[in-house]
Every structure is written in C-alpha cells, then in structure tokens.
Amino acid sequence: MSKTLVIGANGQIGRRFCQQAAAQGTSVRAMLRDTSQQAFFDELGVESVIGDLAGDMRAAFAGCDAVLFTAGSGASTGLDRTLMIDLNGAMRAVDEAREAGIRRFVMVSTLHVDPLAGPEKLQPYLVAKRAADAYLMASELDWTVLRPGRLTDEPGSGRVALSQAAAASGEISRDDVASVALAVLGHPAPAREYVLLAGDTPIAEAVDAG
C-alpha cells in the first residue's frame, strides 16, 4: 500500500488532511516536531514520526511513496524562521524525497507569489514560497503545486474551482484544500500548478478534468 508523508501535519490543513485520509483508509505518516503533538494522530490511527524541517528529518521519508508539503512558518514568525521553514525546509524536503526515491510531491503554496505585490510584512514569506515552488518545479519529481485563495474555517463544501488562471482571487475553506490535496495525490496528473478557490464543481470531477 502506498503511503504519503505529510509535512506540516500538525498545521490547520495538515490535520484536516490526516483526518480525511484516516476516514478513507488512506495510508499516511504525519511528520511532527515533538512528541507532545502525537496524541491527536494516535487517536486517528495515523502513524507519526518526529522530524524537523530546520533539523533532522531524513528518517521520516523512508517507506513513503509520496509527500504532501503543507508546512509554514506562520505570519507571526521572524525572517529567520521563514527562511528555515518556508525556503530551506521546503527545498530540503524536495532533496530528501529525491534521495528516498519518492517521485510524487504535492506542495500547498500560496495564491500570489509576487513579493512586490504583497504587503511589506509578507514579502519575505512570498519570496521564500516563490523560490521553493520554483525549486520543486525544476526538479524531476512528479509535482503538483496548489495555490489556494484566502483560507477560511468554513466547513468544506466538496465543490471547488480548480484552474490555472494566475490572476484569479477569492477564498476557499481549509477543509476543501485538504480534500483537493487528497484527491490530487491519488490522481496521476501531469506536473502542474493549480489555483484553488471555492466553486461549483465536485472535487473529484475538478481533479479529473485537470
């Protein structure tokens, strides 16, 4: 059975993804920073492993067939953490996947990655995400980059608008982002980046349409 390593599993999208995967019987491994985070995943019946994007994480990749990267340093962290997590951590994850022989890599990024178009306090984050996305897309991995709009905590509708329209804008629930990531990981889609917004198309249909 294939297994997906979830990097950023304890984040808001990561937790939702693991919940949905567990409910569907999909095999995942949650990468966590410390043992205090494990109880939630133990209750789900989801395997967890300790790994650090700013440190040692090599063992987390062993035995996995795919990677979902949905980690982020957070808006309240400084430039040092942004560089270590959103840039260097993401690039290292691509390298570790390659070293482990993992081909499939799905990156949850951000809708707009033009640093000059964002507010000043977000510019380092946008620079990091843009560079990390480019690093993944230049690799030989079977990659998908998801670019969700403004994230909400509304219950997932199971319906989205999935496109490659870079100028699009809007919002989407974290539930639906997790559902799209799960669907994309199970789909042999070509290397592609998708803008992901709330919409009217059922997720499975949207992913099949590519």
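For I50, enumerate residues with amide H under 5 Å from its amide H, sequence gap 5+ or separate chain, H modeled in the peptide plane. Distant-sequence amide H within range of I50: L32. Which option, [x] 32, 20, 16; [y] 23, 21, 17; [z] 39, 23, 12, is the value of semi-axes √(5λ) of the Cα gyration tensor in Å that was calculated from these coordinates? Correct label, based on the coordinates given: [y]. Taking every C-alpha pair closer than 8 Å and separated by at least 6 residues, the mean separation divided by the residue count of the stretch 6-96 gives a relative contact order of 28 percent. Simple point charges give the picture: +1 on the Cβ of Lys and Arg, -1 on the Cβ of Asp and Glu, and for the stretch 1-57 a dipole about the Cα centre of about 240 debye. Projecting the Cα atoms of L87, P155, S48 onto the charge dipole of the stretch 4-209 (Cβ charges, centred on the Cα centre) puts L87 farthest toward the positive pole. Charged side chains reduced to their Cβ positions (Lys and Arg at +1, Asp and Glu at -1) give the stretch 4-209 a dipole of some 200 debye around its Cα centre.
For H112, no residue has an amide H sitting under 5 Å from its own, ignoring neighbours fewer than 5 places away on the same chain, with H placed 1.01 Å from N. Coupling constants for the stretch 46-62 follow from the phi torsions by the Karplus curve (6.51 cos²θ - 1.76 cosθ + 1.60, θ = phi - 60°), and in residue order they are 9, 4, 10, 9, 8, x, 10, 4, 9, x, 7, 8, 4, 5, 5, 7, 4 Hz; glycine and proline get x. For the stretch 195-207, 3J(HN,Hα) computed residue by residue from phi via the Karplus equation (6.51, -1.76, 1.60; θ = phi - 60°) reads 7, 10, 9, 4, x, 10, 8, x, 4, 4, 5, 5, 5 Hz, glycine and proline entered as x.
When you work out D = kT/(6 pi eta Rh) for the stretch 43-95 at 20 °C and 1.002 mPa s, using the Kirkwood radius from C-alpha pairs as Rh and the Stokes-Einstein form, the result is 174 µm²/s. The ranking of I203, I172 from fewest to most other beta carbons within 10 Å of each one's beta carbon is I203, I172. Scanning residues 5 or more positions from V28 or on other chains, those with amide H under 5 Å from its amide H are T4, E47, with H placed 1.01 Å from N in the peptide plane.
Rule-based calculations on the coordinates, nothing more; no lab input. On a predicted model such as this, the values are computed, not experimentally measured, just so you know. Glycine gets a Cβ as well: all are built from the backbone with ideal geometry, and neighbour counts include every protein chain shown.
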